[in-house]
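Right, one structure below, let's go through it.
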Amino acid sequence: MSATDTSKIKGKGKRGGPSPFFPKGRQLDPEALEEVRALLGDRPRRRDLLIEHLHLIQDHYGHLSARHLAALADDMRLAQTEVYEVATFYAHFDVVREDETPPPALTVRVCDSLTCEMMGAKKLLAGLQEKLGDTVRVVSAPCMGRCDAAPVAEAGHHHITNADVDTVAAAIENGYTHPAIPAYTDFDTYMADGGYALLKQCRSAKRQPDALIETLSAAGLRGLGGAGFPTGQKWKIVRGYQGPRLMAVNADEGEPGTFKDRVYLESDPHRFLEGMLIAAWAVEATDIYIYLRDEYPGLREVLLSEIAKVEAAGLAEGATIHLRRGAGAYICGEESAMIESIEGKRGLPRHRPPYVAAVGLFGRPTLVQNVETLYWIRDIIEKGADWLISEGRNGRAGLRSFSVSGRVREPGVKLAPTGITAQELIDEFCGGMAGGHTFKGYLPGGASGGILPASMANIPLDFGTLEKHGCFIGSAAVIVLSDQDSAKDAALNLMRFFEDESCGQCTPCRVGTEKAAKLMAEKVWDEALLRDLSQAMADASICGLGQAASNPLKMVLAHFPDDIICK
């Protein structure tokens with residue numbers, strides 16, 4: 001009897017109870033199984049592809065029904081609990097139980113992160129909910145990586161920047177629900193400008209890994225996703241472990257205020273891809289996994305197309321490239337959580353040691369790099385370390401990409417000297433403050449980097465310069481506040497973000513962010529309790545989310561007393 005044939009199971013067991021032969025738990029729907037198998041086709045049923053397969057079902061049906069989840073579990077030979085726990089962990093999967101009504105065919109998401117809230121996201125959300133009624137689902141969503149054009153909405157997979165109710169409604173009416181493909185430097189154009197010549201030199205032994213590592217170290221290139229670990233040193237460490245070795249690329253820039261990786265990928269994706277392949281060659285990685293956030297659907301189409309061209313040209317020889325799709329989880333920007341997600345699991349950070357350089361993807365030594373770090377590899381090697389270290393200000397060396405948003409006249413990605421101050425960045429690269437706004441404060445490193453007042457805008461922005469003030473630069477996402485903004489409201493927005501994005505693995509973060517958000521929503525703050533709570537979160541959380549979540553809170557208490565009332 002087949003696993004799906006229940007026609008022969010009859011009768012009851014002893015004392016009138018259920019038959020011992022009657023299967024327990026959720027029963028498999030043969031029709032759902034056929035539907036899932038048709039969608040998956042000849043794709044492998046490996047455990048690490050679970051999230052990719054969930055995306056296929058979600059994209060086709062608009063949600064994940066209980067019957068399809070059960071069918072997918074059966075087809076992949078997984079326990080239903082394994083599939084269900086993954087599907088319910090990620091925000092972009094709409095799991096619908098048997099007693100629930102599926103959501104409308106179209107969902108509109110309105111970004112509610114700090115910059116968008118400053119630019120009127122709450123009003124936009126309420127206006128869309130009133131105008132669109134029940135035919136379209138309108139929900140709030142975390143940062144979409146387009147903070148320079150806030151507020152932002154997403155209709156289906158189409159982003160509307162500088163959005164208002166009318167522009168979003170018009171996009172829906174005109175059928176603009178598919179991702180927009182950016183204008184970018186394609187394969188042929190990149191090759192015509194000398195692209196992949198450096199990679200070919202590496203493959204032909206004209207360049208040696210040790211020499212590349214020395215150049216990167218001399219240039220001071222560091223991980224530009226936030227942690228800032230020296231790139232050359234990381235390559236050397238990974239090369240020291242016994243192979244096979246793997247590589248993972250963090251393209252999941254979910255830190256509110258950060259959008260530099262998106263801008264670089266949208267303009268010149270092959271500069272990143274060449275840097276990636278050079279790094280894989282240097283550490284002898286057999287497989288490369290690019291983890292791209294789901295909020296960048298247009299970029300996914302670009303990378304699928306351009307990677308295919310790279311492979312067809314034989315430039316990926318020796319390394320297999322896998323493009324993996326995130327599913328809406330900020331925590332997966334943490335390297336071990338990202339690796340868990342690539343393996344098809346919930347994005348829960350791992351306890352360390354061991355570190356991912358030694359025990360990473362599938363238990364193998366793994367090189368993890370940020371998109372922007374790889375983007376600069378070609379320029380640094382071709383132009384030499386002196387090209388980079390000749391730049392810099394205030395005693396610092398190099399260049400830094402700042403994602404600037406908020407109350408400035410000209411927001412965007414600003415390639416500026418490392419060590420520039422916030423005041424210099426605003427005045428020289430952003431056209432000054434927006435009309436009618438006076439500089440009040442700034443976030444130097446996104447949601448977790450803290451908040452500083454305008455009176456402290458003369459601090460050089462770099463790794464190691466902000467820590468003594470309780471802040472850090474992280475991914476260099478600078479959000480500028482004005483006299484029309486409340487630091488208290490900004491900190492509450494950020495704490496609610498952390499509350500929503502906590503993976504829930506450890507109690508200090510899971511409970512601490514929830515409790516802090518409730519306390520901060522009160523008219524009068526219990527300062528002593530908030531300080532105790534923030535200290536417990538910083539001391540006992542497993543990963544950087546919980547450890548840094550209270551930074552904005554502590555900075556408001558220290559620098560913006562006029563914005564709060566304390567007991």
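The values are calculated or read from the model by the stated rules, or taken from the named source; none is laboratory data. All figures in this text were calculated on a predicted structure; none of them were measured in a lab. FYI the Cβ positions are ideal-geometry reconstructions off the backbone, even for glycines, and counts take in every protein chain you see. The area values use the complete protein model at the heavy-atom level, side chains included, leaving out ligands, DNA and RNA. Shrake-Rupley method; radii C 1.70, N 1.55, O 1.52, S 1.80 Å.
Against the conditions (1) under 18 Å from residue 315 (Cα atoms); (2) in contact with a Ser or Thr (Cβ under 7 Å, 6 or more places away or on another chain); (3) of a type in the set (S, T, N, Q), where does residue 231 fall short? Just the number, please.
Residue 231 satisfies all of (1) under 18 Å from residue 315 (Cα atoms); (2) in contact with a Ser or Thr (Cβ under 7 Å, 6 or more places away or on another chain); (3) of a type in the set (S, T, N, Q) except (1).
For the stretch 362-369, indicate whether the set of residues that are more than 15 Å from residue 234 (Cβ to Cβ), open to solvent by less than 20 Å² (accessible area, probe 1.4 Å) and modelled with pLDDT of 95 or more is non-empty.
So far as the stretch 362-369 goes, no, none of its residues is more than 15 Å from residue 234 (Cβ to Cβ), open to solvent by less than 20 Å² (accessible area, probe 1.4 Å) and modelled with pLDDT of 95 or more.
Out of curiosity, is residue 122 at pLDDT 95 or above, surrounded by fewer than 21 Cβ atoms within 10 Å (Cβ to Cβ) and under 22 Å from residue 254 (Cα atoms)?
yes
Yes or no, residue by residue, for (1) in contact with a helix residue (DSSP H, G or I) (Cβ under 6 Å, 6 or more places away or on another chain); (2) closer than 18 Å to residue 475 by Cα; (3) crowded, with 20+ Cβ neighbours inside 10 Å:
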residue: 378; (1), (2), (3): yes, no, yes
residue: 393; (1), (2), (3): no, no, no
residue: 399; (1), (2), (3): no, yes, no
residue: 403; (1), (2), (3): yes, yes, yes
residue: 418; (1), (2), (3): no, yes, yes
residue: 428; (1), (2), (3): no, no, no
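Find the helices (runs of 4 or more DSSP H) located wholly in the stretch 176-284 whose residues include 1 or more that are among the hydrophobic types (A, V, I, L, M, F, W, C) and more than 21 Å from residue 356 (Cα to Cα), and list them.
Output list reads 187-192, 197-203, 209-219, 260-267, 269-283.
Is at least one residue of the stretch 147-156 surrounded by 15 or more Cβ atoms within 10 Å (Cβ to Cβ), hydrophobic (A, V, I, L, M, F, W, C) and touching a Phe, Trp or Tyr at 6+ places or on another chain (Cβ under 8 Å)?
The answer is yes, given that some residue of the stretch 147-156 is surrounded by 15 or more Cβ atoms within 10 Å (Cβ to Cβ), hydrophobic (A, V, I, L, M, F, W, C) and touching a Phe, Trp or Tyr at 6+ places or on another chain (Cβ under 8 Å).
Starting from residues that are touching a residue at least 12 places away in the same chain (Cβ under 8 Å) and open to solvent by 40 Å² or more (accessible area, probe 1.4 Å), keep the ones in the stretch 202-214 and report whichever is nearest to the chain's Cα centre (by Cα).
Selected residue: 214.
Can you name every residue in the stretch 439-462 that is modelled with pLDDT of 95 or more, assigned to a loop (DSSP other than H, G, I, E, B) and open to solvent by 10 Å² or more (accessible area, probe 1.4 Å)?
458, 459, 460, 462, listed by residue number.
Working only within the stretch 284-298, note down all residues that are closer than 18 Å to residue 258 by Cβ and either free of Cβ contacts under 8 Å to residues at least 60 places away in the same chain or buried (at least 23 other Cβ atoms within 10 Å of the Cβ) (or both).
290, 291, 292, 293, 295, 296
When you go through (1) open to solvent by less than 50 Å² (accessible area, probe 1.4 Å); (2) assigned to a helix (DSSP H, G or I); (3) under 30 Å from residue 73 (Cβ atoms) one by one for residue 88, which number turns out not to apply?
(1)
Before we move on, is residue 78 closer than 16 Å to residue 140 by Cα, over 21 Å from the mean Cα position of the chain (by Cα) and among the aliphatic types (A, V, I, L, M)?
No: the conditions fail for residue 78.
Can you find a residue that is open to solvent by 30 Å² or more (accessible area, probe 1.4 Å), among the aliphatic types (A, V, I, L, M), modelled with pLDDT of 95 or more and part of a loop (DSSP other than H, G, I, E, B) anywhere in the stretch 338-356?
yes
Matching residues to (1) in contact (Cβ under 8 Å) with a residue 40 or more places away in the chain; (2) closer than 30 Å to residue 548 by Cβ; (3) crowded, with 20+ Cβ neighbours inside 10 Å:
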{"site": "179", "(1), (2), (3)": "yes, no, no"}
{"site": "197", "(1), (2), (3)": "no, no, no"}
{"site": "235", "(1), (2), (3)": "yes, yes, yes"}
{"site": "242", "(1), (2), (3)": "yes, no, no"}
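Regarding residue 179, is this residue over 20 Å from the mean Cα position of the chain (by Cα) and either of a type outside the set (Lys, Arg) or under 28 Å from residue 142 (Cα atoms) (or both)?
no
Tell me, please, whether a residue that is at pLDDT below 95 and of a type in the set (Gly, Ala, Ser) can be found in the stretch 80-90.
No, the stretch 80-90 contains no residue that is at pLDDT below 95 and of a type in the set (Gly, Ala, Ser).
I'm checking my understanding of the structure. Among residues of the stretch 394-433 that are touching a strand residue (DSSP E or B) at 6+ places or on another chain (Cβ under 6 Å) and in a loop (DSSP other than H, G, I, E, B), which one is nearest to residue 253 (Cα to Cα)?
Looking at residues that are touching a strand residue (DSSP E or B) at 6+ places or on another chain (Cβ under 6 Å) and in a loop (DSSP other than H, G, I, E, B), I get 411.
Within the stretch 256-268, can one find any residue that is of a type in the set (Gly, Ala, Ser), within 30 Å of residue 449 (Cα to Cα) and in contact with a strand residue (DSSP E or B) (Cβ under 8 Å, 6 or more places away or on another chain)?
yes
From 257, 328, grab the single residue that is open to solvent by 10 Å² or more (accessible area, probe 1.4 Å) and at positive phi.
None of the others qualify; the one that does is 328.
Conditions (1) in contact with a Ser or Thr (Cβ under 9 Å, 6 or more places away or on another chain); (2) farther than 21 Å from residue 226 by Cα, marked per residue:
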position	(1), (2)
336	no, no
348	yes, no
357	yes, no
363	no, yes
367	no, no
370	yes, no
377	yes, no
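May I ask you to say which residue of 248, 316 is open to solvent by less than 50 Å² (accessible area, probe 1.4 Å), under 15 Å from residue 375 (Cα atoms) and either at pLDDT 95 or above or among the aliphatic types (A, V, I, L, M) (or both)?
248
Looking at the stretch 81-122 only, could you name the residues that are of a type in the set (D, E, K, R) and closer than 18 Å to residue 142 by Cβ?
94, 109, 112, 117, 122
What are the pairs, 6+ residues apart or on separate chains, where a residue within the stretch 138-164 that is of a type in the set (S, T, N, Q) has its Cβ under 6 Å from a residue that is assigned to a loop (DSSP other than H, G, I, E, B) and open to solvent by less than 30 Å² (accessible area, probe 1.4 Å)?
161/152
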